[in-house]
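For reference, the structure is listed below as structure tokens.
Nothing in this text is a laboratory measurement; each read-out follows from the coordinates by a stated rule. Quantities reported herein were computed from a predicted structural model and do not represent experimental measurements.
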Amino acid sequence: MLLRNSEQWFALYVKPRTERQVAAILRTKGYEEFLPTREVRTGGVSSHQPLFPGYMFCRVSPNVHGLIVTTPGVIRIVGFGGKPVPIDPEEISSLQIVVRSKVPTSTWEGLHPGDKVFINDGPLTGAVGVLTSIRAKQRLIITITMMMRTVAAEVEPDWVSAFNPVSERKPFSSYQQLKDSA
């Protein structure tokens, strides 16, 4: 496809589990699409799953947005205030490099270093701390500051959620209720 200077990358929000179909349709229509995937192993079987389920990227001219959203499976172009917002081409390029490298990847939604978090599973259930880093081996480091000292503990990513003040959390009468609420 001949690219024009006005073409930009946009994130597309698509119907769940239709990412591959939408990518194929857009490619057939002549658009440059990018569906980043990662290798997932379950029960000894390897498959490639979308890195961002429900999302993919498409490079288009700003004046063809209407043609993109009429593609079967496309819900909308991601933006703010009803206006599509382009993705930084450096971010897309970096993401393409990561995907091509085939290094193990994972995604984190909504948690960033510096965020206050609540441990809702595992041996540290009920602890509150600050997320200090996201490590390569898919572990989080939580610091709990007390008496001007820091205690760091590695926890599994699925044990952690964004912090809600105690007044906003409902009391749990059992560990299972706590686990089910996550």
- line: the range 107-129 and the range 35-102 have their Cα centres apart by a whole-number Å value of 27 Å
statement: Over all pairs of different Cα atoms in the range 8-101, the reciprocal of the mean inverse distance gives a Kirkwood radius in Å of 13.8 Å
- request: Could you calculate the contour length gain from residue 39 to residue 17, that is, 0.36 nm times the residue separation minus the distance between their Cα atoms, to one decimal place in nm?
  value: 6.3 nm
